[in-house]
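Take a look at the structure set out below.
Values quoted throughout were computed directly from the atomic coordinates according to the rules given, and no laboratory measurement underlies them. Because the structure is predicted, anything quoted here is derived from the model rather than measured. Glycine gets a Cβ as well: all are built from the backbone with ideal geometry, and neighbour counts include every protein chain shown.
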Amino acid sequence: MNRFVTAERALRTAAPHELLDAARRTLAEQYQADSVELLMADYGLTVLQPVSVLPHTLDPVPVHNSAAGRAFGAQEPFVEPAGDGLVRLHLPVTVRGDRLGVLTVTLRGEEQARRHLGELSEIAEVLAHEVIVAERDTDIYLQARRKDRLTLAAEMQWQLLPGRSCARPEYELGAQLEPAYAIFGDNFDWSATADHLMLYVTNGMGEGIEASLLTNLAINALRNARRAGIPIADQAALADQAIYAHYRGRCYLSVLMFDFELATGRAWVVDAGSPQMLRLRGGTVDRITFDAQLPLGMFEETDYVAQEFRVEPGDRLVFVSDGVYADASPQGEAYGEAALTRAITATRLLPAAEVPRAILRELTGHRGRPVPDDDALVVCLDWHGR
């Protein structure tokens, strides 16, 4: 335990850009580690990128079919023999369900590796917290996440997001955007208190910077209203006014808004546009529809009304933008509800954080080409209840 405290203190006192160096020094001194590498998940969730000082880079590790990727996907430590008496420990670097990457620690001898596995897993969790804090002051970890250059619109959208996954005893959330390096309009946002989870799924209008600017205005208007303690229907009304005041109806934004009561599963919903929701309950997938209301910013002073909805423990809710269900195959066939139902059923055993990426891979196969014509957004919510 003294070793752990020493390692924790070293990480907490390290300069933001020196977290990996601090981890290497302290794990070598306290645990006799031969080597330490920090791998960050890229924006597309296809590879794990080693953290290094640009322009020097190391080869990325695929998320699928690799030992580090196995630890990342399962969110469990994975022990890999490395030859010559060495053992690699691949440890998830995760903050409250938000999967950042993997810490790989090479030790000498399997017995030593097994003995230190628990403490090193906790150190990886401490490192995850420190990376999140450090990202306020350095770009090193954000740079490590990108295997390609982001477009400016995508840069704006990713900076707007709360994370890509999170977990609490009452629920688990996962989300993913495609094309990850050129996204421009679709977005999601969530925020939780002791008693409520608020979730917004937005389907942007337009392309490039203009679409990103519209979404930024809408999300920040919704956050401004939410942080003032305003009910969800009034949040929609205030965001609607902010968008209309700027664009005068030329541009508008579709959003599906939820306010979940954690203790009961009751929810209040505002459906203002095109995002859709499907529910997996007891092995059956159903599309759930709500009272349709006008997109935000279409007309001046639109009134919004929240309707009631209820989730039960064991429910899985999957939210998609029109770039998913309207995506066409080479023959012109839309992906549609039937294909979505099959994809949701096929991924029912995956954790919520893995579902969006799996559905988007299925969508790529349907499309027959890697780059979609429109943004595609998938959000998955697993409801456990209290």
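Some notes on this structure:
- The chain - percent relative contact order, Cα under 8 Å, separation 6 or more: 14 percent
- Placed amide H near Ala82: partners under 5 Å, 5+ positions off or other chain: Val87, Arg88
- Taken about its Cα centre, the stretch 198-349 carries a charge dipole of roughly 460 debye when the Cβ of each Lys and Arg holds +1 and the Cβ of each Asp and Glu holds -1.
- The charge dipole of the chain, taken about its Cα centre with unit charges on the Cβ atoms of Lys, Arg (+1), Asp and Glu (-1) only, comes to about 660 debye.
- Inter-centroid distance (Cα atoms) of the stretch 227-290 relative to the stretch 110-159, Å: 31 Å
- Shape parameters for the stretch 8-137, alpha-carbon atoms, Rg then Dmax in Å: 13.7, 40
- Kirkwood hydrodynamic radius of the chain, from inverse mean 1/r over distinct Cα pairs, in Å: 22.0 Å
- Each of Met277, Ala306, Gly97 was placed along the dipole of the chain (beta-carbon charges, centred on the mean Cα), and the one lying farthest toward the positive end is Gly97.
- Counting only Cβ charges, +1 for Lys and Arg and -1 for Asp and Glu, the dipole size of the stretch 239-318 around its Cα centre is about 360 debye.
- Over the chain: helical MRE at 222 nm, DSSP H runs n ≥ 4 each giving -39500 (n - 2.57), nearest 500: -11000 deg cm²/dmol
- Separation in nanometres of the label points that stand 7 Å from Cα toward Cβ, at Ala346 and Asn220: 4.0 nm
- Projecting label points 7 angstrom from Cα along Cα→Cβ for Glu210 and Glu308 puts them 4.3 nm apart.
- Most positive-pole-ward Cα, Ala82, Gly206, Phe188, against dipole of the stretch 75-223 from beta carbon charges: Ala82
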